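Following: one structure in C-alpha coordinates, then a few remarks.
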Amino acid sequence: MTPIDLRSDTVTRPTDAMRAAMAAAPVGDDQYGEDPTTNRLQQRCAELLGKEQALWLPSGTMANQVALRVLTRPGDEVVAGRECHAAWHEAGGAAANSGVQIVEVGEGGVFTREHFEAAIKPRGLPVFAPTTLVEIENTHNRGGGLVFPQRDVEAICAAARERGIASFLDGARLWNAAVASGRSEAELAAPFDLVAVAFSKGLGAPGGSLLAGRKDLIAAAERQRRMLGGAMRQNGIYAAAALHGIERHRERLREDHAHARALAEAIAGCAAVQLDLSTVQTNIVIWRLAPGALDAAALVARARAQGVLVSAFAARTVRAVTHLDVSAAQIARAAAVLRALLA
(Lines give C-alpha, C1' and ligand atoms only; values in the text may rest on other atoms or scores of the structure.)
Protein backbone atom coordinates (compact mmCIF):
# COMPACT_ATOMS: atom_id res chain seq x y z
CA MET A 1 0.00 0.00 0.00
CA THR A 2 1.30 3.47 -0.90
CA PRO A 3 2.20 5.39 2.27
CA ILE A 4 0.18 8.47 3.20
CA ASP A 5 2.94 11.05 3.28
CA LEU A 6 2.17 13.94 5.65
CA ARG A 7 5.76 14.90 6.39
CA SER A 8 5.59 18.09 4.29
CA ASP A 9 3.80 19.73 1.38
CA THR A 10 7.15 19.56 -0.46
CA VAL A 11 6.74 15.81 -1.09
CA THR A 12 4.19 16.28 -3.90
CA ARG A 13 4.85 14.96 -7.39
CA PRO A 14 4.07 17.11 -10.44
CA THR A 15 0.66 16.29 -11.87
CA ASP A 16 0.41 15.00 -15.44
CA ALA A 17 -0.80 18.43 -16.55
CA MET A 18 2.12 20.11 -14.81
CA ARG A 19 4.57 17.71 -16.46
CA ALA A 20 3.04 18.51 -19.85
CA ALA A 21 3.46 22.23 -19.20
CA MET A 22 7.08 21.67 -18.24
CA ALA A 23 7.77 19.62 -21.37
CA ALA A 24 6.25 22.26 -23.62
CA ALA A 25 7.91 25.27 -21.98
CA PRO A 26 9.90 27.63 -24.23
CA VAL A 27 13.37 28.00 -22.72
CA GLY A 28 16.51 30.12 -23.04
CA ASP A 29 19.50 31.09 -20.92
CA ASP A 30 18.16 32.73 -17.78
CA GLN A 31 21.55 34.19 -16.80
CA TYR A 32 21.30 36.27 -19.97
CA GLY A 33 17.68 37.11 -19.15
CA GLU A 34 16.62 35.09 -22.20
CA ASP A 35 14.42 32.40 -20.70
CA PRO A 36 10.91 33.48 -21.81
CA THR A 37 9.03 31.27 -19.37
CA THR A 38 11.06 32.47 -16.38
CA ASN A 39 10.54 36.05 -17.51
CA ARG A 40 6.79 35.44 -17.74
CA LEU A 41 6.73 33.88 -14.26
CA GLN A 42 8.64 36.80 -12.75
CA GLN A 43 6.32 39.33 -14.35
CA ARG A 44 3.21 37.39 -13.26
CA CYS A 45 4.42 37.15 -9.66
CA ALA A 46 5.43 40.81 -9.51
CA GLU A 47 1.85 41.62 -10.50
CA LEU A 48 0.34 39.13 -8.04
CA LEU A 49 2.45 40.50 -5.20
CA GLY A 50 2.05 44.15 -6.13
CA LYS A 51 5.79 44.75 -6.50
CA GLU A 52 7.96 46.35 -9.20
CA GLN A 53 10.04 43.32 -10.08
CA ALA A 54 10.63 39.68 -9.16
CA LEU A 55 13.46 37.14 -9.30
CA TRP A 56 13.29 33.34 -9.43
CA LEU A 57 15.52 31.36 -7.02
CA PRO A 58 16.07 27.61 -6.67
CA SER A 59 14.78 27.27 -3.08
CA GLY A 60 13.02 29.02 -0.24
CA THR A 61 16.12 28.88 1.90
CA MET A 62 18.14 30.64 -0.79
CA ALA A 63 15.40 33.27 -1.16
CA ASN A 64 15.55 33.96 2.57
CA GLN A 65 19.34 34.00 2.60
CA VAL A 66 19.54 36.36 -0.38
CA ALA A 67 17.01 38.68 1.27
CA LEU A 68 19.17 38.82 4.39
CA ARG A 69 22.27 39.65 2.36
CA VAL A 70 20.43 42.41 0.49
CA LEU A 71 18.77 44.02 3.52
CA THR A 72 21.48 43.68 6.20
CA ARG A 73 25.21 43.94 6.76
CA PRO A 74 27.47 41.68 8.87
CA GLY A 75 27.05 42.48 12.55
CA ASP A 76 23.42 43.60 12.19
CA GLU A 77 20.47 42.28 14.16
CA VAL A 78 17.22 40.91 12.75
CA VAL A 79 13.97 40.78 14.75
CA ALA A 80 11.69 37.84 13.90
CA GLY A 81 8.98 35.65 15.40
CA ARG A 82 9.87 32.73 17.64
CA GLU A 83 10.97 29.55 15.89
CA CYS A 84 11.14 31.30 12.52
CA HIS A 85 12.39 29.32 9.53
CA ALA A 86 15.45 31.54 9.04
CA ALA A 87 16.68 30.77 12.56
CA TRP A 88 15.60 27.12 12.91
CA HIS A 89 15.67 25.45 9.49
CA GLU A 90 18.43 27.03 7.40
CA ALA A 91 21.52 25.35 8.87
CA GLY A 92 22.83 28.51 10.51
CA GLY A 93 22.86 30.32 7.18
CA ALA A 94 21.93 33.70 8.65
CA ALA A 95 25.15 33.69 10.66
CA ALA A 96 27.36 31.99 8.08
CA ASN A 97 26.18 33.84 4.96
CA SER A 98 25.15 37.24 6.30
CA GLY A 99 26.87 37.53 9.67
CA VAL A 100 23.66 38.60 11.41
CA GLN A 101 22.06 37.60 14.68
CA ILE A 102 18.34 36.88 14.94
CA VAL A 103 16.35 37.95 18.00
CA GLU A 104 13.08 36.04 18.38
CA VAL A 105 10.08 37.82 19.91
CA GLY A 106 6.41 37.11 20.60
CA GLU A 107 4.83 33.69 20.98
CA GLY A 108 3.83 30.94 18.56
CA GLY A 109 5.44 32.67 15.60
CA VAL A 110 3.42 35.90 15.84
CA PHE A 111 4.27 39.17 17.53
CA THR A 112 3.02 42.73 17.84
CA ARG A 113 4.36 46.21 17.21
CA GLU A 114 5.01 46.45 20.96
CA HIS A 115 7.12 43.27 20.90
CA PHE A 116 9.06 44.62 17.92
CA GLU A 117 9.67 48.06 19.37
CA ALA A 118 10.85 46.59 22.67
CA ALA A 119 13.47 44.53 20.80
CA ILE A 120 14.93 47.41 18.76
CA LYS A 121 18.40 48.31 19.99
CA PRO A 122 19.10 51.99 20.72
CA ARG A 123 21.09 53.71 18.00
CA GLY A 124 24.46 55.21 18.84
CA LEU A 125 25.49 52.69 21.51
CA PRO A 126 28.44 50.69 20.13
CA VAL A 127 27.90 47.70 22.43
CA PHE A 128 24.68 46.81 20.58
CA ALA A 129 24.20 45.26 17.19
CA PRO A 130 22.05 47.67 15.15
CA THR A 131 18.52 46.46 14.40
CA THR A 132 18.23 46.84 10.62
CA LEU A 133 15.56 44.31 9.62
CA VAL A 134 12.26 42.87 10.82
CA GLU A 135 11.19 39.54 9.33
CA ILE A 136 7.70 38.04 9.42
CA GLU A 137 6.84 34.45 8.41
CA ASN A 138 3.33 34.03 6.99
CA THR A 139 2.06 31.37 7.33
CA HIS A 140 4.25 30.36 10.24
CA ASN A 141 5.53 26.80 9.92
CA ARG A 142 6.40 25.91 13.49
CA GLY A 143 3.43 27.94 14.72
CA GLY A 144 1.19 25.34 13.09
CA GLY A 145 0.46 27.14 9.83
CA LEU A 146 -0.83 30.25 11.60
CA VAL A 147 -1.81 33.23 9.47
CA PHE A 148 -0.04 36.32 10.83
CA PRO A 149 -2.72 38.94 11.65
CA GLN A 150 -2.57 41.62 8.96
CA ARG A 151 -3.31 44.45 11.40
CA ASP A 152 -0.14 43.51 13.27
CA VAL A 153 1.82 43.20 10.02
CA GLU A 154 0.84 46.72 9.04
CA ALA A 155 1.64 48.16 12.47
CA ILE A 156 5.04 46.42 12.66
CA CYS A 157 6.09 47.49 9.16
CA ALA A 158 4.93 51.07 9.83
CA ALA A 159 7.07 51.14 12.97
CA ALA A 160 10.02 49.79 10.97
CA ARG A 161 9.68 52.49 8.31
CA GLU A 162 9.53 55.19 10.95
CA ARG A 163 12.91 53.99 12.26
CA GLY A 164 14.64 53.31 8.95
CA ILE A 165 14.44 49.52 9.46
CA ALA A 166 13.83 47.26 6.46
CA SER A 167 11.05 44.67 6.35
CA PHE A 168 10.99 41.18 4.81
CA LEU A 169 8.14 38.70 4.41
CA ASP A 170 9.05 35.02 4.40
CA GLY A 171 5.89 34.08 2.54
CA ALA A 172 6.86 30.57 1.50
CA ARG A 173 3.23 29.63 2.18
CA LEU A 174 1.73 33.03 1.40
CA TRP A 175 -0.64 31.30 -1.03
CA ASN A 176 -2.15 29.46 1.95
CA ALA A 177 -2.38 32.69 3.95
CA ALA A 178 -4.24 34.41 1.10
CA VAL A 179 -6.80 31.63 0.79
CA ALA A 180 -7.32 31.33 4.55
CA SER A 181 -7.60 35.08 5.16
CA GLY A 182 -9.59 36.03 2.08
CA ARG A 183 -6.99 38.73 1.31
CA SER A 184 -5.03 38.92 -1.93
CA GLU A 185 -1.34 38.13 -2.02
CA ALA A 186 -0.70 41.75 -3.00
CA GLU A 187 -2.53 43.03 0.07
CA LEU A 188 -0.60 40.68 2.36
CA ALA A 189 2.71 41.67 0.73
CA ALA A 190 2.08 45.43 0.49
CA PRO A 191 3.75 46.55 3.75
CA PHE A 192 7.09 44.84 3.02
CA ASP A 193 10.25 45.89 1.19
CA LEU A 194 10.99 42.35 0.01
CA VAL A 195 8.71 39.32 -0.20
CA ALA A 196 9.53 35.65 -0.76
CA VAL A 197 7.11 32.98 -2.00
CA ALA A 198 7.66 29.28 -2.71
CA PHE A 199 6.30 27.13 -5.53
CA SER A 200 7.36 23.71 -4.19
CA LYS A 201 4.96 23.65 -1.23
CA GLY A 202 1.22 24.17 -1.64
CA LEU A 203 1.42 24.74 -5.39
CA GLY A 204 3.04 21.36 -6.03
CA ALA A 205 5.93 22.41 -8.28
CA PRO A 206 9.15 20.34 -8.12
CA GLY A 207 11.23 23.33 -6.97
CA GLY A 208 11.70 27.05 -6.96
CA SER A 209 10.95 30.19 -4.98
CA LEU A 210 10.87 33.88 -5.81
CA LEU A 211 11.70 37.30 -4.36
CA ALA A 212 9.70 40.41 -5.23
CA GLY A 213 10.28 44.05 -4.38
CA ARG A 214 11.63 47.34 -5.72
CA LYS A 215 13.82 47.21 -8.81
CA ASP A 216 16.95 48.25 -6.93
CA LEU A 217 16.46 45.50 -4.33
CA ILE A 218 15.86 42.86 -7.01
CA ALA A 219 19.00 44.00 -8.86
CA ALA A 220 20.96 43.52 -5.63
CA ALA A 221 19.26 40.15 -5.09
CA GLU A 222 20.27 38.98 -8.56
CA ARG A 223 23.93 39.62 -7.77
CA GLN A 224 23.62 37.78 -4.45
CA ARG A 225 21.89 34.87 -6.18
CA ARG A 226 24.84 34.56 -8.54
CA MET A 227 27.32 34.73 -5.65
CA LEU A 228 25.49 31.90 -3.87
CA GLY A 229 25.37 29.74 -7.01
CA GLY A 230 21.67 30.09 -7.65
CA ALA A 231 21.70 31.51 -11.18
CA MET A 232 20.25 29.06 -13.71
CA ARG A 233 20.33 28.40 -17.42
CA GLN A 234 17.29 26.83 -19.18
CA ASN A 235 15.12 27.42 -16.17
CA GLY A 236 11.83 27.55 -18.07
CA ILE A 237 11.09 23.95 -17.14
CA TYR A 238 10.87 24.93 -13.47
CA ALA A 239 9.15 28.22 -14.24
CA ALA A 240 6.45 26.45 -16.25
CA ALA A 241 5.68 24.22 -13.28
CA ALA A 242 5.39 27.29 -11.04
CA LEU A 243 3.10 29.07 -13.51
CA HIS A 244 0.91 26.00 -13.76
CA GLY A 245 0.68 25.82 -9.97
CA ILE A 246 -0.19 29.50 -9.67
CA GLU A 247 -3.01 29.26 -12.20
CA ARG A 248 -4.35 25.79 -11.35
CA HIS A 249 -3.54 24.96 -7.71
CA ARG A 250 -4.04 28.11 -5.63
CA GLU A 251 -7.80 27.88 -5.13
CA ARG A 252 -7.67 24.18 -4.33
CA LEU A 253 -5.58 24.96 -1.23
CA ARG A 254 -8.96 25.19 0.52
CA GLU A 255 -9.11 21.40 0.26
CA ASP A 256 -5.76 21.06 2.03
CA HIS A 257 -6.98 23.34 4.80
CA ALA A 258 -10.17 21.31 5.22
CA HIS A 259 -8.16 18.08 5.34
CA ALA A 260 -5.85 19.50 8.02
CA ARG A 261 -8.84 20.55 10.07
CA ALA A 262 -10.41 17.09 9.76
CA LEU A 263 -7.19 15.43 10.88
CA ALA A 264 -6.78 17.82 13.81
CA GLU A 265 -10.35 17.33 15.01
CA ALA A 266 -9.98 13.56 14.75
CA ILE A 267 -6.95 13.38 17.03
CA ALA A 268 -7.62 16.35 19.34
CA GLY A 269 -9.85 14.25 21.58
CA CYS A 270 -7.10 11.76 22.40
CA ALA A 271 -5.87 12.10 25.97
CA ALA A 272 -2.28 11.83 24.74
CA VAL A 273 -2.66 14.84 22.42
CA GLN A 274 -2.21 18.48 23.37
CA LEU A 275 -3.56 20.46 20.41
CA ASP A 276 -5.09 23.93 20.26
CA LEU A 277 -7.55 23.74 17.36
CA SER A 278 -7.44 27.53 16.97
CA THR A 279 -3.91 27.17 15.56
CA VAL A 280 -5.11 24.90 12.71
CA GLN A 281 -5.81 27.64 10.17
CA THR A 282 -4.20 26.27 7.01
CA ASN A 283 -2.55 22.97 6.03
CA ILE A 284 -0.29 22.27 9.03
CA VAL A 285 -1.19 20.38 12.21
CA ILE A 286 1.28 20.45 15.11
CA TRP A 287 0.55 18.69 18.37
CA ARG A 288 2.40 17.86 21.56
CA LEU A 289 2.36 14.52 23.31
CA ALA A 290 1.28 14.48 26.93
CA PRO A 291 3.62 13.18 29.65
CA GLY A 292 3.40 9.40 29.87
CA ALA A 293 2.37 9.00 26.23
CA LEU A 294 4.59 7.85 23.38
CA ASP A 295 7.38 10.26 22.53
CA ALA A 296 7.52 11.78 19.05
CA ALA A 297 10.16 9.42 17.68
CA ALA A 298 8.20 6.35 18.78
CA LEU A 299 4.95 7.67 17.33
CA VAL A 300 6.63 8.52 14.01
CA ALA A 301 8.18 5.03 13.79
CA ARG A 302 4.94 3.19 14.65
CA ALA A 303 2.89 5.32 12.27
CA ARG A 304 5.38 4.66 9.48
CA ALA A 305 5.04 0.93 10.06
CA GLN A 306 1.33 1.35 9.36
CA GLY A 307 1.83 3.47 6.26
CA VAL A 308 1.43 6.98 7.68
CA LEU A 309 4.39 9.37 7.50
CA VAL A 310 4.56 12.31 9.93
CA SER A 311 7.49 14.30 11.33
CA ALA A 312 8.99 14.63 14.81
CA PHE A 313 9.50 18.36 15.38
CA ALA A 314 10.86 17.97 18.91
CA ALA A 315 11.10 15.21 21.52
CA ARG A 316 7.36 15.42 22.20
CA THR A 317 6.11 17.43 19.22
CA VAL A 318 4.75 16.05 15.94
CA ARG A 319 3.81 17.73 12.66
CA ALA A 320 1.53 16.64 9.82
CA VAL A 321 1.08 18.64 6.60
CA THR A 322 -1.68 18.17 4.02
CA HIS A 323 -1.17 18.74 0.30
CA LEU A 324 -2.53 18.03 -3.16
CA ASP A 325 -1.32 14.41 -3.20
CA VAL A 326 -3.48 13.44 -0.20
CA SER A 327 -7.21 12.77 -0.50
CA ALA A 328 -9.99 13.07 2.08
CA ALA A 329 -10.15 9.26 2.28
CA GLN A 330 -6.42 9.06 3.00
CA ILE A 331 -6.75 11.71 5.71
CA ALA A 332 -9.50 9.63 7.33
CA ARG A 333 -7.29 6.54 7.26
CA ALA A 334 -4.29 8.45 8.63
CA ALA A 335 -6.45 9.83 11.42
CA ALA A 336 -7.66 6.35 12.33
CA VAL A 337 -4.08 5.04 12.48
CA LEU A 338 -2.91 7.94 14.64
CA ARG A 339 -5.90 7.70 16.98
CA ALA A 340 -5.24 4.00 17.53
CA LEU A 341 -1.57 4.62 18.29
CA LEU A 342 -2.41 7.48 20.62
CA ALA A 343 -5.22 5.71 22.48
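Counting just the residues of the range 109-128 that are aliphatic (A, V, I, L, M) and surrounded by fewer than 17 Cβ atoms within 10 Å (Cβ to Cβ), which one comes out nearest to Arg142 (Cα to Cα)?
Ala118
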Some residue of the range 204-213 being in the same structural domain as Ala80 (by TED's automatic domain parsing), under 17 Å from the mean Cα position of the chain (by Cα), crowded, with 19+ Cβ neighbours inside 10 Å and more than 30 Å from Ala23 (Cβ to Cβ): no
Complete set of residues in the range 15-59 that are more than 24 Å from Arg225 (Cβ to Cβ) and either surrounded by fewer than 17 Cβ atoms within 10 Å (Cβ to Cβ) or among the basic types (Lys, Arg) (or both): Asp16, Ala17, Arg19, Ala20, Ala23, Ala24
Selection from the range 88-124 of residues that are over 24 Å from Gln224 (Cβ atoms) and part of a helix (DSSP H, G or I): Arg113, Glu114, His115, Phe116, Glu117, Ala118, Ala119
Subset tally (residues that are surrounded by fewer than 14 Cβ atoms within 10 Å (Cβ to Cβ), in contact with a helix residue (DSSP H, G or I) (Cβ under 9 Å, 6 or more places away or on another chain) and farther than 29 Å from Val179 by Cβ) for the range 263-297: 1
Subset tally (residues that are among the charged types (D, E, K, R) and not in a helix (DSSP H, G or I)) for the range 21-69: 5
Odd one out for Leu6 among (1) exposed (fewer than 15 other Cβ atoms within 10 Å of the Cβ); (2) within 21 Å of Gly204 (Cβ to Cβ); (3) of a type in the set (A, V, I, L, M): (1)
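Could you tell me which of the residues Asp216, Asp193 is free of Cβ contacts under 8 Å to residues at least 60 places away in the same chain and either of a type outside the set (Lys, Arg) or closer than 24 Å to Glu90 by Cα (or both)? Don't jump to the end; show me each part of the working.
Numbers: Asp193 fails: free of Cβ contacts under 8 Å to residues at least 60 places away in the same chain.
Only one candidate qualifies: Asp216.
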Test for Val134: is it over 19 Å from Gly106 (Cβ atoms), crowded, with 24+ Cβ neighbours inside 10 Å, among the hydrophobic types (A, V, I, L, M, F, W, C) and assigned by TED's automatic domain parsing to the domain that holds Val103: no
Of all residues making up the range 266-291, the number that are among the small types (Gly, Ala, Ser) and in a loop (DSSP other than H, G, I, E, B): 4
Enumeration of residues in the range 40-70 that are touching a Ser or Thr at 6+ places or on another chain (Cβ under 7 Å) and within 13 Å of Gly213 (Cα to Cα): Trp56, Ala63
Residues (in contact (Cβ under 8 Å) with a residue 24 or more places away in the chain and part of a loop (DSSP other than H, G, I, E, B)) located in the range 292-315: Ala293, Leu294, Gln306, Gly307, Val310
Val11 more than 18 Å from Ala221 (Cα to Cα) and without any contact (Cβ under 8 Å) to a residue 60 or more places away in the chain: no
Elements of type strands (runs of 3 or more DSSP E) in the range 152-263, at least 1 residues being more than 22 Å from Val78 (Cβ to Cβ) and modelled with pLDDT under 95: none
Selection within the range 234-277 - out of contact with any Phe, Trp or Tyr (no Cβ under 8 Å at 6 or more places or on another chain) and among the charged types (D, E, K, R): Glu247, Arg248, Glu251, Arg252, Arg254, Glu255, Asp256, Arg261, Glu265, Asp276
Answer from Arg339, Arg250 - the residue that is in contact with a helix residue (DSSP H, G or I) (Cβ under 7 Å, 6 or more places away or on another chain), among the basic types (Lys, Arg) and either closer than 28 Å to Val110 by Cβ or surrounded by 19 or more Cβ atoms within 10 Å (Cβ to Cβ) (or both): Arg250
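The values are calculated or read from the model by the stated rules, or taken from the named source; none is laboratory data. Just so we're clear, the structure is a prediction, and the values are computed from it rather than from any experiment. Positions of Cβ are generated from backbone atoms using ideal geometry, with glycine treated the same way; all protein chains shown enter the neighbour counts.
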